[in-house]
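This report concerns only the one structure given below.
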Amino acid sequence: MKELPNYKSVDIEILIPYAQNSRTHSEAQITQIASSIKEFGFLNPVIIDGENGIIAGHGRVLAAKKLGLTELPCIEAGHLSDAQRRAYVIADNKLALNSEWDFELLQLEIEHLKEVDFDISLLGFSEVEIDTLDAEEIDYGLLDELGEDDVDDYEENVRRAIQIEFESEDYDEANSLISFWRGQGDYVGGLIMAALKAEKDRL
């Protein structure tokens with residue numbers, strides 16, 4: 001059994017970000033986190049080492065500063081070795097990305113929140129993603145190169161796909177880019193729409 005962590009309140013100004021943190025936080029996401037903290041409170045403590053270095057919770061700290069908070073609840077995990085600390089910085093972010101959604105239950109929960117006039121923008125989903133969940137007709141417009149087994153794997157998660165044609169020599173690169181952005185937790189269709197809109201505005 002690992003040593004139980006110590007809980008304490010820490011002055012936000014003495015918290016030290018991890019310089020090698022490979023997870024980034026956009027200004028838009030920090031604003032979303034700040035809105036969540038404002039609505040629900042600071043429910044997820046920051047994890048720090050024995051010298052107030054941030055192990056997990058960089059985004060929450062940035063959001064707290066945006067809100068003008070001066071003290072934050074922290075869990076001190078000073079028992080971690082240097083290797084464990086470095087590994088947990090990565091694992092804390094990656095493990096959360098490995099989960100999936102039950103879209104039927106998700107839609108039911110969101111519909112309930114809408115019925116009670118709860119601000120669903122606080123959930124972190126874009127309007128496009130919410131509209132996709134509400135879509136009555138499902139259009140599986142997938143790349144022609146996908147086999148039947150691949151399509152079956154996609155159908156559980158895809159609610160509406162934009163069919164985009166790639167030249168055969170570009171397919172591997174396109175597939176790699178899509179996998180990368182999914183790994184970042186970003187909505188691929190939203191990225192494509194934003195890029196197409198920017199190009200249209202430029203013309």
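Each reported figure results from applying straightforward, stated rules to the coordinates on display, with no laboratory input. Since the model is a prediction, treat every value here as computed from it, not as a measurement. Ideal geometry is used to build each Cβ from the backbone, glycine not excepted, and the neighbour counts take in all protein chains shown.
Based on C-alpha coordinates, I'd like the Rg and Dmax of the range 6-97, in Å.
That works out to 12.6, 36 Å for Rg and Dmax.
Compute the signed sum of charges (Lys and Arg +1, Asp and Glu -1) over the other residues within less than 14 Å, Cβ to Cβ, of residue 52. Numbers along the way, then the final one.
Values: positive: 8, 85; negative: 11, 13, 49, 51, 71, 76.
Within the 14 Å Cβ shell, the charges total -4.
How much net charge surrounds residue 86 when only other residues with a Cβ under 15 Å from its Cβ are counted (Lys, Arg +1; Asp, Glu -1)?
Details: positive: 23, 85, 94; negative: 49, 51, 82, 92.
With Lys, Arg at +1 and Asp, Glu at -1, the neighbours total -1.
Taking the Cα centre as origin and putting +1 on Lys and Arg beta-carbons and -1 on Asp and Glu beta-carbons, what dipole magnitude results for the range 6-97, to the nearest 20 debye? Please report the intermediate quantities before stating the final value.
Numbers: 9 positive and 10 negative charges, 58 e Å.
Computed about the Cα centre, the dipole is about 280 debye.
Taking 0.36 nm per residue of sequence separation and subtracting the Cα-Cα distance, how much length would be gained by fully extending the chain between residue 103 and residue 69, in nm to one decimal?
On the way: separation 34, 0.36 × 34 = 12.24 nm, distance 3.52 nm.
Going from the current span to full extension adds 8.7 nm.
Lysine pairs in the range 1-121 with alpha-carbon atoms under 23 Å apart, 8 or more places apart or on different chains: how many are there? Walk me through the intermediate numbers first.
On the way: 2/94; 8/38; 8/65; 8/66; 38/65; 38/66; 38/114.
Pairs that pass both the separation and distance tests number 7.
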